[in-house]
1. Express the carbon and sulfur contribution to the solvent-accessible surface of segment 73-165 as a percent, rounded to the nearest whole number, probe 1.4 angstrom.
2. So what's the net charge close to ARG250: Lys and Arg +1, Asp and Glu -1, counting the other residues with Cβ under 13 Å from its Cβ?
3. Hey, rough spin-label estimate for VAL120 and ALA152, points 7 angstrom out along Cα→Cβ, what's it come to in nanometres?
4. Mind listing the long-range amide H neighbours of PHE184? Cut-off is under 5 Å, sequence gap 5 or more, other chains count too, H placed in the peptide plane at 1.01 Å from N.
5. Using a 10 Å cut-off on Cβ atoms, rank the peptides 100-107, 123-130 from the highest mean neighbour count down.
6. Apply the a/c threshold of 1.5 to the C-alpha gyration tensor of segment 1-55 and tell me whether it is rounded, prolate or oblate.
7. Would you please put 249-257, 73-81 in order of how densely packed they are, using the mean number of other Cβ atoms within 10 angstrom per residue and starting with the highest?
8. Using a Gaussian network for the chain with springs between C-alpha atoms less than 10 Å apart, which of these wobbles most: VAL239, VAL157, VAL295?
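The values are calculated or read from the model by the stated rules, or taken from the named source; none is laboratory data. What you see is a predicted model, and the numbers here were worked out from it, not measured in a lab. Cβ sites come from the backbone with ideal geometry, for glycine too, and all protein chains shown count toward neighbours. Side chains included, ligands, DNA and RNA excluded: accessible areas come from the protein's heavy atoms. Shrake-Rupley method; radii C 1.70, N 1.55, O 1.52, S 1.80 Å.
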Amino acid sequence: MPLHLETPLIESVPLSLASGRSIFLKMEALQPPGSFKIRGVGAACEHHAQNGKRRFVSSSGGNAGMAVAYAGRLLSIPVSVFVPETTTERAKSLIGQQGAEVIVHGAAWDEANAEALASVDAETAFIHPFDDPLLWTGHATVIDEVVRSGLAFDAVVLSVGGGGLFAGVAEGLRRNGLQQVPIFAVETEGTASLAASIEAGALVELASVSGIATSLGARKVSDRAFELSRTRPVESVVVSDADAASACMRFLDDHRVLVEPACGAALSLAYAHADRLAGYERVLIIACGGATTTVERLQAWQASY
Ligand SMILES: *Cc1c(COP(=O)(O)O)cnc(C)c1O
């Protein structure tokens, strides 16, 4: 049985009014660990459990780590999450609440990740946050659900970090005969690794990432994500941190749901950049969620712009 929930699909009156077209929201923010990540992570963890793995390891102090911790708790499999010293107390506490062991190692993510990989043995499954076909198959269920509901849509909007959600949604569209439906792939200025690769015509790695959309902070997208940008209809969009923060605050008022700037980036296409959606009448936005922010932090960001 899948570990994720079937989430609500709602027509958003406020976002439709703001953008001048029909906007539908797939409410992944309502997944118990806070984001869509449990779809792919849950599928991967179930696969590994069935294949005899007895421990899961993650090196994400964000929503992927939370999803692995949640999946491990549901499957009664111990989880270790390796995070760098920069990880917030809130993130460590959310992972710990799910019963996972949190191991703080190193000043930056690379060191925590190396330590995580070094701890992997024959009985351990390392769960990658975005670059694994098992994840994409799980993420694709978000589109299966929308199609099953009977909704017709002519574009999909989503956020891109390492491109796992993007690859999963592309797979979901393909397996439902919707491979021609364009995907708007949204990043923030400080995390625009897909946009940089598209512009360079080759997979590039950013020297650094910056800004408030930390869940989008992969310096390089997966090979698969870059390949998709060349082989299916994709519109790359880059928005500002101010757009992302402001979208989160408006979304909180409009739909009474708190999401991270990583999700606000996608929502800002309806709130602030509807010109990019010209020609599309029924747009599906994956409200990907994210559990690492608070109202207080959002207010502080908004005040700083
Ligand atoms: C992980 C994450 C993303 C980006 O997903 P990728 O698969 O890395 O592209 C976007 N939003 C939230 C809330 C996330 O947790």
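1. So the carbon and sulfur contribution to the accessible surface is 54 percent.
2. Surrounding charge for ARG250 is -2.
3. Taking the simple label geometry, VAL120 and ALA152 are separated by 4.5 nm.
4. VAL156, VAL157, LEU158, GLU235
5. 123-130, 100-107
6. Prolate, since a/c reaches 1.5 and a/b exceeds b/c.
7. Values: 249-257: 16.0, 73-81: 18.6.
For the peptides 249-257, 73-81, the packing ranking is 73-81, 249-257.
8. Highest fluctuation of the listed residues: VAL295.
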